[in-house]
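> The structure's right below; bear with me while I get my questions together.
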């Protein structure tokens, strides 16, 4: 559809997009569209968690915003569910990784056994498979990456970095919630 010399079409998320040329290179999205708001929330949270992790001088501060990006959801309830599983998995993976690294070192068989035991521990504490996945990532980081510091210190840093990311994502869900009650049809109608 043409309006005022520019083609107007609707994006998948319901926002009106105006293009200034036939190829659609210069898109202008309304500032109130849900995707713009969500992008602003996510970027704000990621930067805040990185700054907080740097404030605490964590050696791998990048894990805080990575966690925030994983946890950031549209509602507090969704964020709580994801974050609790992320935290459980991270703690279990850090414990298994620190014990394995301290006692046996970064060997392939030790890693495989650690992943197996982590699966059993995840089931024992009644966490879901996402906790097991997050725990496996932490186990790999603590056990397999070469480090100059003791495994317990790496494990504690990993837990701190992830906890900061989770905390920022949950605070974001409380302080700057997204509107979940608006349907895609209503969004398209408003544009």
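Here, each number is a calculation from the coordinates, and none is a lab measurement. This is a predicted model, so every value here is computed, not measured. No Cβ is skipped: glycine too gets one built from the backbone with ideal geometry, and neighbour counts run over all protein chains shown.
> Please give the peptides 164-172, 78-86, 114-122 ranked by average Cβ packing (other Cβ atoms within 10 Å per residue), highest first, as a rough proxy for protection. Spell out each step's value before the answer.
Values: 164-172: 24.1, 78-86: 19.2, 114-122: 17.7.
Output ranking for 164-172, 78-86, 114-122: 164-172, 78-86, 114-122.
> What is the P(r) of region 34-175, as percent of Cα-Cα pairs per 5 Å bin from 0?
Here the calculated profile for region 34-175 is 2, 12, 20, 20, 18, 14, 9, 4, 2, 0, 0.
> So if I average 1/r over every pair of distinct C-alpha atoms in region 32-88 and take the inverse, what Kirkwood radius in Å does that give? Walk me through the intermediate numbers first.
Working: mean 1/r = 0.0831 Å⁻¹.
Evaluated on region 32-88, it is 12.0 Å.
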